[in-house]
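To keep things clear, I will list the structure first and then write my remarks on it.
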Amino acid sequence: MANLKGKLGWLLLISVGLAFPWLAGNDYYLTVMSTAYIFAIATIGLNLITGYTGQLNLAHSGFMAVGAYTVGILTVDYHFTFWAAFALSGVVAAALGFFIGLVSLRLKGHYFSIFTLCVGYIMFLVIEKWDGLTHGTVGILGIPAPEAIGSITFTTPLALYYLVFFWLVVGMWAMRRIVNSLLGRTFIAIRNGDELAESLGINLMRNKVLAFMLSVFYAGMAGGLYAGFVRFIGPSIAGVEHTFDMTMYMLVGGLGTLIGPLLGALTVPWLTQYLQFLQEYRFIVFGPILVLLVIFVPNGIVGSYLAWRTRRTDLKGKNA
Amino acid sequence: MLAFENLSLRYGSFLALDGVTMHVKEGELVVLLGANGAGKSSIFLTASGIHKAAGGSIRYGDKELVGMRASQIVEAGVVQCPEGRKLFPGMSVLKNLMLGAYVHRRDPAPSKRMLEEVLALFPILAEKKDDPAGSLSGGQQQMVAIGRAMMGRPKVLLLDEPSLGLAPLVIKQMFEVIQKINQSGTTVMLAEQNAFAALKIAHRAYVIESGRIVMEGDPEKLLADDTIRKAYIGT
Amino acid sequence: MMDMFLQQVLNGLTLGGIYSLVALGLTLVYGILHVPNFAHGAFYMVGAFMSFHLMSAWGWNYWLAMTGSAATVALLAVLAERLVFHPLRHASGLHPMIAAIGVLLFLEAAAQAIWGADFQRMQTPYNSIIDLGGVTAPAQRLLIIGAAFTLMVVLHLFLKKTVMGSTIIAMAQNRDGASLVGIDANRVAMLTFAISGVLAAVAATLYAPINLVYPAMGHLVITKAFVIIILGGMGSVPGAIVGGMIIGFAESFGAYYISTDYKDIIAFMLLVVILSFRPQGLFTKGVR
Amino acid sequence: QEIVKIGYSGPLSGGAAQYGKNVLDGALMAINEVNATNPEIAGKKVKFEMVSLDDKYSPSETAINAQRLVQQYKTAAILVPHSGGIFALQTTNEAQKYLLLAYSSVPQITNRGNKLTLRIPPEFTSYIKPFSAYLMTRYGKKIALIGADHDYAKAWVAAFKPAWEAAGGTVVAENPMSYNRATDFYSGVSKALAAKPDVLFVGGASEPTGLVVKQARELGFKGGFFVIDQAKLDEMAKVTGGYGALEGAIGVLPVVDDPAPEMKDFVVRFHKIYPNRDPGSEVVWNYTAIHATLQAMKLAGTTTDAVAIRAQLQNGYKALSSAQNPGGVTGVDAQGGTITVTRGGAVENGKVKVIETPAAK
Amino acid sequence: MLKIDHLTIRFGGLAAVNDVSTIIEEGKINAIIGPNGAGKTTFFNLISCVYKPTSGTITLDGRDVTSLRTDQVARLGVARTFQTTSLFNGATVLDNLIVGHRLRTRSGLLDVLCNSSRLREEERICREKARDALDFVSLSHIANRLAGDITQEERKRVAFALALATDPKLLLLDEPAGGLNPEETLGLAELIRKMVSHGLTVCLIEHKMNMIMSLADKILVLNYGEKIAEGTPAEIRANPAVIDAYLGSDHAGI
Ligand SMILES: Nc1ncnc2c1ncn2[C@@H]1O[C@H](COP(=O)(O)OP(=O)(O)OP(=O)(O)O)[C@@H](O)[C@H]1O
Ligand SMILES: Nc1ncnc2c1ncn2[C@@H]1O[C@H](COP(=O)(O)OP(=O)(O)OP(=O)(O)O)[C@@H](O)[C@H]1O
Ligand SMILES: CC(C)C[C@H](N)C(=O)O
Ligand SMILES: [Mg+2]
Ligand SMILES: [Mg+2]
């Protein structure tokens, strides 16, 4: 019964996503939404390591940049097709994540966060300075649009919208699988206390590294999509502001919930669009909103709702 | 000396204390018995100003403790040795003890004497006085916590399960110490699971259940009560 | 060549002094609240703008402006403690951190709204250049070094030798425990934030005259300060000072002997290497 | 009456905000002047409006802003004041059919054969020869390169180095620095000075450039400065505390120091609108470029057809009055670059002296 | 079952456990007592491989486990409880327990992505184990309660259940009755007996002498890191060294 209700909810979400272009009626809104989807994919990934495994990774946008540059470099300098490069974007990010994870995940709590903050900064600097590989501050121009598959072409905003949407759905689906499985429970156990988790026979390092790699795989893939979507990339996508943004999305929606980060990643950018008239001052409004959210809705929209629902079901169960 | 009047406390929507009324007379040693989660610590923490009461009052002499800040309460002479110890783990044992006398910082001479007393009471602490408190074993840390509370030279000493995690020998000594402290004029309020030992040194006792006082009386009366014996003594 | 070496030593001391001051404020607050205060860089930035404003718009002299700015930022820091961090003192590690980011975003946007986004230049009465046997030492740089080290010593004595200082340390180790021995936890928290604000404002006012003042000026300094406090061990005062010096020297020597291009990377690489060997930082003792 | 929108995407926050605002203000000045004349295009009354979006100098933001400008505001022309953003837009502007008004002097902007680009300022290569000649005769042939490290400055160095060497000079040190991020230039500058150069090549945004010059002087440097066109001597002077420290610096001629009567007149008009600000060359070039673009729209009889407007730009510039064209742009070449005679300024005895440079090709 | 030979660990200058040799006997209740700071918890940390000993060996069923990782010995059947149990308060009790059996499963990422039959089977087993464990500690009725909403005693029992779900052979309990009242303590002792009767080996640290004396088959006494006595409750009660160092005359067997 609950399962059916869950399925219905997902179906509804997907239909809204499919129908959105008709509701939007404007290419610009499609662009905004597609960008939001791309960041949503990365945010879902960040949620795995932060929300479910309990390690706030502040280098996440660095990995997104790695994915984007994988696509940029391979297509522009090595003439790969977009698809081939895209397939590699997540893999390259995850491979790098393996090594960075091995070093950084030995640190706990804030040490890990700040360490990754520095790692992210190093990634940014390396991208900026390694002219020969990354085109330095100039960035990479002329990234090809995704090549047509059969008769489906990816040149219009509409087609790109559906492309990004498709990957968002795939990403959500896979994440749902992961977090609801034994694997997800393993991650959650680590978040709740690594001492206890270890005594339950969970190999901490292996699972943390796995969660980290999965998480940055999402970031890398989102970066790859971003490169194919915007078709121009520069070092600024590695900036920590993007990680901060994604953290905010997670928090607004609900840390460690499946749908929360998605919801956050989709609603907050629209709010920002509405606040566009504030231009550079929008953070005067946004900063305090963030603080208020953290203080008064610490579990996010979805987290608060879920707790409420479980309590209610339990009460009902007792009465029945 | 200390009178709780209709005290209530909430954690969120959960009513942890529900109209607690009780009192401790000057020089008395009063024991608070209650199962886990009955609300013993909640009473103490409210008395010490760590939690804010939702209603009711705690009179201490002519002062009202509800609404006072934790630091003012200690200054007034109500000192607590908390459950969970709450030491300063990175500081040396000695510094922990000295900070116990923080409110007497302008009058250090008696604190020196008190320190001697504490170290005599717990000789292991003299041995470890330069080690960080956090590196001590659970029981040793408990000793530091009691010692630190004594350093505050309390008029009323609140002891929240001081025997938790202590070896029997030490527990026995500790009850002796508590009795000594009490006999030297300090009013003591003691929360204990170790009901038998506690009742042996107590003048009076209260029993708390789900945030409510359900019984009060002198130790003999409680020891004679079957339900109490069954619930708290175990024989 | 010796001249050049000494010149780099001087640069290292200047940078290290500033970094240490900023890192000290950060490490103190971390000790009390266990929050990496991302807003600390914004305190630094506001400190610079305040001094700039007091000097250029109100015509105050340098030292007066520094005092005024220190007071303002201290107040700001105390406000942040009261309004943001105090309500979150029982929350999990992630939440205060994110709230700090919120404060940072707010302060930066507010500074830009008030003072604009462009580079500003702060004046100093100490424009003379002293020649120390071939080493160029502008008076302002010597002032930075002198003031930074004086402040560090004062802070150290304050923490170690005064009762008020030990209350900060006690609070850092157990907030409830501190309350139970009669330490007013709120006052200590506010005091600590005020000190961290003063340190940030003074560091900014010392450094701004040889640099520029702009809303994003805190970013790099705060990132470095974070590097420093995890290098030194979070919450450790000597760690912050030594860490600051390590980074300051790594930068000035790195820029001179290796490459200006890579000097920022050098500092971060150093961190990666050191933490790989000592995950708890240089100055933290293992505490159960 | 029809509203015609012109797009702008450039830095309005962050370190380059002032620069972006200068560009925008020049453009706005032109638009207001044209609107005051009740313009008509193809028989319809029109009113021009500027839609400005902040991109924080970040090319990817420029790309997103451009989508918004084109799709939501239907702008036929977008003004972008930085090479990164310009390159980013050149990947889409031909397909989406909008005119890219490129305020950047990097040669590649026109060399890549984009058919809908107008390069507003002269190419920076035109400054290299005359400036080098001036500095070599006044100070010597040894130069140390300590420019900024962003893309624009790097493009400059790439073009400058061979030219300086071809003229018989040597590069004794090369040490680019991050002008927008660095916390201290002392180590970097002293490193360059250790090579005993006669001239320092500097340049990024004006204020940090001024700071670099100041620190070089503190460290005992006595030679001249080659200042790239992004930095403005008059703005640098505010940081160094007057032209004194800038003695021997050569860069683009500050607008306020230009003796030409049209320029003086322009400065007066600008001061009427912004009493406390001096116009920089950004203001002038973009002011003229927008005038020319609107003129080209009139001539083409369309406000939407970018191809037609681009075709009329040459005539648009030609049709401008000298008040609208104080910099004396004579036209647009086939690749979309403006043709003009530019002048440099060198600080001699605390005053700016005009240095004539030959016309860009 | 578990053989400990000359086990020593030093923290700086302090030998927290010093040359201790003993055997933890299969199917029995082995108790460890000793004054505060004697090294009991440290001893547990050594057995469960949280610390590496300075010297000495630990042999589990004939296999040297001294240098394994915590999770590896856990898989070999050593489970433990802590003094405070961190549960995920936002999930139900049952959900908290499912991960307990994870160490006996092998599904990886691939299984998860393809929803393989192995994964489904293993998830079913884990759920079953969790329910069984909850049944065992008599808490089936709170299976769907939020872990954040249960009482302290229930938390202790849930912690037991979590350890049981790992299918351990040896269960290490560190002061399980700490903070429980006598009635609850009795209940807990009952539970421990039940575990042993189901074939588990238990090793527990406890200060509650009533409980230890009636429960333990064998008691190991540590003092200053050293073993000062070992034997049945009766022997220990009569051991003068133990009375001196630890028990005091109250509990002595006179
Ligand atoms: N900070 C808190 N937030 C929410 N609930 C709390 C908090 N502290 C205690 N409680 C709850 O309040 C009730 C009373 O707790 P309290 O600690 O006062 O009991 P106690 O009698 O001291 O128990 P114990 O013997 O375990 O120390 C319990 O149900 C407990 O779960
Ligand atoms: N990680 C550590 N670093 C330094 N010293 C330690 C460490 N762990 C334990 N010790 C020391 O080892 C000794 C034994 O500690 P342990 O916790 O094992 O005692 P215990 O027998 O469990 O005591 P209790 O019954 O009080 O809990 C103590 O003196 C303690 O200070
Ligand atoms: C000076 C300007 C013409 C150049 C501009 N700063 C750019 O980035 O291209
Ligand atoms: Mg309690
Ligand atoms: Mg122990």
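Remarks
- Inside the range B:93-118, residues that are within 14 Å of chain E (Cβ to nearest Cβ) and not in a helix (DSSP H, G or I) make up a count of 0.
- Scan the range D:1-11 for residues that are more than 14 Å from ligand 3 (Cβ to nearest atom) and open to solvent by less than 30 Å² (accessible area, probe 1.4 Å) and the total you get is 4.
- When each of B:152, B:138 is tested for being farther than 27 Å from residue E:185 by Cα and of a type in the set (Gly, Ala, Ser), the lone residue that passes is B:152.
- Pairs, first aromatic (Phe, Trp, Tyr) in the range D:285-313, second part of a loop (DSSP other than H, G, I, E, B), C-beta under 8 Å, six or more apart: D:285/D:103; D:285/D:120; D:285/D:121; D:285/D:327; D:287/D:324
- Residues satisfying the criterion are absent from the range B:103-116 (criterion: at pLDDT 85 or above, open to solvent by less than 30 Å² (accessible area, probe 1.4 Å) and either within 16 Å of ligand 4 (Cβ to nearest atom) or under 16 Å from the mean Cα position of the chain (by Cα) (or both)).
- Test result for residue E:18, modelled with pLDDT of 85 or more, within 16 Å of ligand 2 (Cβ to nearest atom) and open to solvent by 30 Å² or more (accessible area, probe 1.4 Å): yes
- Which numbered condition residue E:102 fails, given (1) facing another protein chain (nearest Cβ under 7 Å); (2) touching a Ser or Thr at 6+ places or on another chain (Cβ under 8 Å); (3) open to solvent by less than 10 Å² (accessible area, probe 1.4 Å); (4) of a type outside the set (Gly, Ala, Ser): (3)
The rows are residues; the columns are (1) within 16 Å of ligand 1 (Cβ to nearest atom); (2) β-branched (Val, Ile, Thr); (3) out of contact with any Leu (no Cβ under 9 Å at 6 or more places or on another chain).
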| residue | (1), (2), (3) |
| --- | --- |
| B:35 | yes, no, no |
| B:45 | yes, no, no |
| B:51 | yes, no, no |
| B:60 | no, no, no |
| B:75 | no, no, yes |
| B:88 | no, no, no |
| B:110 | no, no, yes |
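- Looking across the range D:34-83, the residues that are of a type in the set (Ser, Thr, Tyr) and not in a helix (DSSP H, G or I) come down to D:37, D:52, D:57, D:58, D:75.
- Residues being under 30 Å from residue B:108 (Cβ atoms), open to solvent by less than 70 Å² (accessible area, probe 1.4 Å) and out of contact with any Lys or Arg (no Cβ under 7 Å at 6 or more places or on another chain) - total across the range C:115-165: 7
- The residue that is farthest from residue E:4 (Cα to Cα), counting only those in the range E:212-231 that are open to solvent by 10 Å² or more (accessible area, probe 1.4 Å) and within 12 Å of chain B (Cβ to nearest Cβ), is E:214.
- A single member of C:101, C:114 is among the β-branched types (Val, Ile, Thr), at the interface with chain A (Cβ under 10 Å from one of its Cβ atoms) and in contact (Cβ under 8 Å) with a residue 60 or more places away in the chain, and it is C:101.
- Residue count for the range A:236-254, restricted to those that are open to solvent by 10 Å² or more (accessible area, probe 1.4 Å) and either over 20 Å from residue A:140 (Cβ atoms) or more than 9 Å from chain D (Cβ to nearest Cβ) (or both): 8
- Given (1) surrounded by fewer than 24 Cβ atoms within 10 Å (Cβ to Cβ); (2) within 16 Å of ligand 3 (Cβ to nearest atom); (3) within 14 Å of chain C (Cβ to nearest Cβ), index of the condition residue D:184 fails: (2)
- On the stretch given as the range B:144-169, residues that are more than 16 Å from ligand 4 (Cβ to nearest atom), within 26 Å of residue E:210 (Cβ to Cβ) and open to solvent by 20 Å² or more (accessible area, probe 1.4 Å) total 1.
- Counting only helices (runs of 4 or more DSSP H) wholly contained in the range C:93-193, the ones carrying 3 or more residues that are of a type in the set (A, V, I, L, M, F, W, C) occupy C:94-115, C:139-161, C:163-173.
Condition check ((1) more than 16 Å from ligand 4 (Cβ to nearest atom); (2) out of contact with any Ser or Thr (no Cβ under 7 Å at 6 or more places or on another chain); (3) open to solvent by 20 Å² or more (accessible area, probe 1.4 Å); (4) away from chain C (no Cβ under 14 Å)) across all residues:
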residue	(1), (2), (3), (4)
B:3	yes, yes, yes, yes
B:6	yes, no, yes, yes
B:10	yes, yes, yes, yes
B:16	no, no, no, yes
B:27	yes, no, yes, yes
B:44	no, yes, no, no
B:52	yes, yes, yes, no
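- Restricting attention to the range E:175-208, the residues that are crowded, with 20+ Cβ neighbours inside 10 Å and more than 16 Å from ligand 1 (Cβ to nearest atom) add up to 10.
- Counted residues, the range A:145-177 - those being under 15 Å from the mean Cα position of the chain (by Cα) and in contact (Cβ under 8 Å) with a residue 24 or more places away in the chain: 9
- Residue that is among the basic types (Lys, Arg) and within 13 Å of ligand 3 (Cβ to nearest atom), where the choices are D:115, D:74, D:154, D:142: D:154
- Considered as a group, the residues in the range E:26-45 that are among the hydrophobic types (A, V, I, L, M, F, W, C) and more than 13 Å from ligand 5 (Cβ to nearest atom) include one that is farthest from the other protein chains (Cβ to nearest Cβ), and that residue is E:29.
- Residue ranges of helices (runs of 4 or more DSSP H) in the range A:104-199 with at least 3 members away from chain E (no Cβ under 14 Å): A:109-129, A:131-134, A:157-180
- For the range E:40-110, the helices (runs of 4 or more DSSP H) that sit wholly inside it and include 1 or more residues that are at pLDDT below 90, under 28 Å from residue A:174 (Cβ atoms) and polar (S, T, N, Q) are E:93-98.
- Selection within the range D:272-289 - surrounded by fewer than 19 Cβ atoms within 10 Å (Cβ to Cβ), part of a helix (DSSP H, G or I) and touching a helix residue (DSSP H, G or I) at 6+ places or on another chain (Cβ under 7 Å): D:273
- The sole residue among E:178, E:148 that is of a type outside the set (S, T, N, Q), under 23 Å from residue B:34 (Cβ atoms) and either modelled with pLDDT of 90 or more or outside the structural domain of residue E:104 (by TED's automatic domain parsing) (or both) is E:178.
- Test for residue D:206: is it within 16 Å of ligand 3 (Cβ to nearest atom), open to solvent by 10 Å² or more (accessible area, probe 1.4 Å) and polar (S, T, N, Q): no
- Within the range A:98-115, the set of residues being of a type outside the set (Phe, Trp, Tyr) and surrounded by 15 or more Cβ atoms within 10 Å (Cβ to Cβ) comprises A:100, A:101, A:103, A:104, A:105, A:106, A:107, A:109, A:110, A:113, A:114.
The values are calculated or read from the model by the stated rules, or taken from the named source; none is laboratory data. Since we're looking at a predicted model, the values are computed, not measured. Counting neighbours? That spans all protein chains shown, and the Cβs are built from the backbone with ideal geometry, glycine included. The area values use the complete protein model at the heavy-atom level, side chains included, leaving out ligands, DNA and RNA. Shrake-Rupley method; radii C 1.70, N 1.55, O 1.52, S 1.80 Å.
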